[in-house]
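Below you'll find the structure I mean.
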Amino acid sequence: MNPESVGSAVNLSMALLFISFVPLALFLGYIIFNSPIGTPIFRWLGERQFQKKQYAKAAQTYIKLHDLQVQLEGFIYAKKAALSLELSGNLREARRWYEKCEDWAKLGQLSLEAGETDAALEIFAEHGLHARMIQVYELKEQWIAAGDVYQEQLQNAHKAENAYRRASHSEDPETKITAELKLAQLYHQMQREQDARELLQSAQTQLQSSPQFVEFPDLLALHSAVREMIVGA
């Protein structure tokens, strides 16, 4: 066999070897980048992208990590993805990922910042974030609602009293009377009977002063319940 033939045979063998190696390399690359084996690479890449403030890219990397590692490491990468999405300005997707990683405080906060107060309060209430609920109520100056949470959920009579007191100075008659009745109820529970009776009498006098209160059945029901509680004590 002449040298040229040998050279051609060698080149052909190398080409065939290379061709046969390419599918194997692609397969191995696929396995590495689509299984937990590739986690260290994505972890390094995600941290590098985040440090360089490439938040959109970092978010996608963390989402990939979440998919790979959720069974082993829980929501750690979902939280990183949510934060990266938030910092990149993609708040809609950020909220979806905060929900996925069950960060209810952050999800409620983003809902609040989006002007979705009712949705934020629903999230806070559903997941027992009572302090967050109170912050929203106080921000909106809904003192009766804040007082109710202090009293019923946190059993903090002092702060409930302060909230109801602020509501009792309202210029809205319904709010004022409701606050006085709530205070009367609270004082009765605190065994401050004289204060309770004085506030009940004040509320009752205001209710009797105008027929307009007939149109407020919830207020009248509250008055009846508090009156029965105190007078029947």
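No value in this document is a laboratory result; all are computed from the given coordinates. Since this is a predicted model, take the numbers as computed values, not measurements. Glycine gets a Cβ as well: all are built from the backbone with ideal geometry, and neighbour counts include every protein chain shown.
Given R₀ = 30 Å, what would the calculated FRET efficiency be for Arg166 paired with Ala114, taking r from the Cβ atoms and rounding to 0.05?
On the way: r = 28 Å, r/R0 = 0.92.
Plugging the Cβ-Cβ distance into 1/(1 + (r/R0)^6) gives 0.60.
Using only Cα atoms, figure out Rg for the range 88-215 and give it as a multiple of 2.2 N^0.38 Å. Don't skip to the answer; put the middle values down first.
Working: Rg = 18.2 Å, N = 128, 2.2 N^0.38 = 13.9 Å.
So the range 88-215 has a normalised radius of gyration of 1.31.
Evaluate the Kirkwood expression for the hydrodynamic radius of the range 141-233, namely the inverse of the mean inverse distance over all pairs of different C-alpha atoms, and round to one decimal in Å. All intermediate terms of the calculation are to be shown ahead of the outcome.
On the way: mean 1/r = 0.0768 Å⁻¹.
It works out to 13.0 Å.
Going by the alpha-carbon gyration tensor, a ≥ b ≥ c the square roots of its eigenvalues, is the range 158-211 rounded (a/c under 1.5) or, if a/c is not under 1.5, prolate (a/b greater than b/c) versus oblate?
Values: a/c = 3.07, a/b = 1.32, b/c = 2.34.
Because a/c hits 1.5 or more and a/b fails to exceed b/c, the range 158-211 counts as oblate.
Between Val231 and Met190, what FRET efficiency comes out of the Förster formula 1/(1 + (r/R0)^6) with R0 = 25 Å and r the beta carbon distance, rounded to 0.05? Could the numbers behind the result be given before it?
Working: r = 17 Å, r/R0 = 0.69.
Efficiency, rounded to the nearest 0.05: 0.90.
Compute the signed sum of charges (Lys and Arg +1, Asp and Glu -1) over the other residues within less than 13 Å, Cβ to Cβ, of Glu174. Could you put the intermediate results ahead of the total?
Values: positive: Lys176, Lys182; negative: Glu171, Asp172, Glu180, Glu215, Asp218.
Value of the local net charge: -3.
With a sphere of radius 15 Å drawn around the Cβ of Leu139, what net charge do the other residues whose Cβ falls strictly inside it have (Lys, Arg +1; Asp, Glu -1)?
Summing Lys/Arg as +1 and Asp/Glu as -1 gives -2.
Give the relative contact order (percent, whole number) for the range 148-233; include only Cα pairs under 8 Å separated by 6+ residues. Write out the running numbers ahead of the final one.
Numbers: 78 pairs, mean separation 19.2, N = 86.
The normalised contact order for the range 148-233 reaches 22 percent.
When Lys and Arg each count +1 and Asp and Glu each count -1, what net charge do the other residues less than 14 Å away from Gly89, Cβ to Cβ, add up to?
On the way: positive: Lys53, Lys57, Arg92, Arg95; negative: Glu86, Glu93, Glu113.
It works out to a net charge of +1.
While we're here: Using 1/(1 + (r/R0)^6) with R0 = 30 angstrom and r between the beta carbons of Ala105 and Lys140, what's the FRET efficiency to the nearest 0.05?
On the way: r = 18 Å, r/R0 = 0.61.
For R0 = 30 Å, the calculated efficiency reads 0.95.
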